[in-house]
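Engineer: One structure follows; several queries about it will come next.
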Amino acid sequence: MLEQYVALDLEMTGLNPKRDQIIEIGAARIKNGVVKETYETFVCPTMKIPGKVTEITGITDEMIKDAPEIKDIFGEVISFLGEDVLLGHNLIFDYSFLKQEAINEKIPFEKQGVDTLKIARKVLPNLEHRTLEYLCGYYKISRENGHRALCDAVATAELFEILKKEYSREFFELFQPKALFYKAKRQTPATKNQLQHLKELLDYHKISSDVDFEHLTRSEASRLTDKILSTHGKIPS
């Protein structure tokens, strides 16, 4: 039975690892049910934090303005995770953001994990909800800073230990680590031609934009260009 693992939680600007970005990382190394070591950091994205995200997490642009970018700390994140199994609530969601960054940086990142959401769905089918917030309330797990990465990582570990104690004998396989899979393509910078065309479209159609051209990827530039063309049309030749 799993006795040592790293509980992981991330906060992001949105739900899509192909276009959204990490703004906070929290991780706790657990051994025999006890927190042995923690890691937490804000991460500065190349985009503004949406209002809804700030409303949920309490994280503002001001709070992260001096934080490192993910590319600058990704090595230390990987180092902290080490060879341990990952634990998370809807773990593949958090893993997908780290995997996307690993692919961008051409760094191998293959992990095994255990997902408390999958466990809860199987062993607690009659509960109204199985969100981390609901399950923490159900099991009276302290979560004073909910939707903050390290707090949620530790809460997930506490939830896992409770579920393991109650259900691991009957549902042994659910508590065994499984390989995590997320398929993604490397996000490469937009080409000079893409950026020039996009700027010309914005200027011609008098569209105000806070696009970060320095960090724009090829796919992002392509999507934005297509959106402008479909809405406003081409520049007359």
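Engineer: Working only within the range 68-106, note down all residues that are without any contact (Cβ under 8 Å) to a residue 40 or more places away in the chain and assigned to a loop (DSSP other than H, G, I, E, B).
Structural biologist: Hits for the range 68-106 are P68, E69, E83, N90, E105.
Engineer: Suppose we filter the range 178-212 for residues that are of a type in the set (S, T, N, Q), within 25 Å of E105 (Cα to Cα) and in a loop (DSSP other than H, G, I, E, B); how many remain? Show your work before the answer.
Structural biologist: To start, the set of residues in the range 178-212 that are of a type in the set (S, T, N, Q) comprises 187-188, 191, 193-194, 196, 208-209.
From what is left, the residues that are within 25 Å of E105 (Cα to Cα) are 187-188, 191, 193-194.
Next cut, in a loop (DSSP other than H, G, I, E, B) only: 187-188, 191.
Final tally of qualifying residues: 3.
Engineer: When the range 167-204 is examined, which residues are found to be under 30 Å from the mean Cα position of the chain (by Cα), among the aliphatic types (A, V, I, L, M) and surrounded by 14 or more Cβ atoms within 10 Å (Cβ to Cβ)? Step through it out loud before you land on a result.
Structural biologist: Here is the first cut: in the range 167-204, the ones under 30 Å from the mean Cα position of the chain (by Cα) are 167-168, 171-192, 194-195, 198.
Now drop any that are not among the aliphatic types (A, V, I, L, M), which leaves 174, 179-180, 184, 190, 195, 198.
Passing the criteria: L174, L180, A184, A190, L195, L198.
Engineer: Test each condition in (1) over 30 Å from D84 (Cβ atoms); (2) assigned by TED's automatic domain parsing to the domain that holds I64; (3) small (G, A, S) for S209 and report the one that comes out false.
Structural biologist: With respect to (1) over 30 Å from D84 (Cβ atoms); (2) assigned by TED's automatic domain parsing to the domain that holds I64; (3) small (G, A, S), S209 is out only on (2).
Engineer: Taking the stated definitions as given, is L117 touching a helix residue (DSSP H, G or I) at 6+ places or on another chain (Cβ under 7 Å) and within 30 Å of F171 (Cβ to Cβ)?
Structural biologist: Working: touching a helix residue (DSSP H, G or I) at 6+ places or on another chain (Cβ under 7 Å): no; within 30 Å of F171 (Cβ to Cβ): yes.
No.
Engineer: Would a scan of the range 44-51 turn up a residue that is free of Cβ contacts under 8 Å to residues at least 12 places away in the same chain and either farther than 18 Å from D94 by Cβ or part of a loop (DSSP other than H, G, I, E, B) (or both)? Walk me through it before giving the result.
Structural biologist: Let us first name the residues in the range 44-51 that are free of Cβ contacts under 8 Å to residues at least 12 places away in the same chain, namely 51.
From the residues that got through so far, the ones that are either farther than 18 Å from D94 by Cβ or part of a loop (DSSP other than H, G, I, E, B) (or both) too are 51.
Yes, because at least one residue in the range 44-51 is free of Cβ contacts under 8 Å to residues at least 12 places away in the same chain and either farther than 18 Å from D94 by Cβ or part of a loop (DSSP other than H, G, I, E, B) (or both).
Engineer: Tell me the residue from K36, K31, K52 that is under 23 Å from R223 (Cβ atoms) and out of contact with any Cys (no Cβ under 7 Å at 6 or more places or on another chain), please. Walk me through how you get there before you give the answer.
Structural biologist: Values: K36 fails: under 23 Å from R223 (Cβ atoms); K31 fails: under 23 Å from R223 (Cβ atoms).
After ruling out the rest, the residue left standing is K52.
The values are calculated or read from the model by the stated rules, or taken from the named source; none is laboratory data. Quantities reported herein were computed from a predicted structural model and do not represent experimental measurements. Cβ atoms come from the backbone with ideal geometry, glycine included; neighbour counts cover every protein chain shown.
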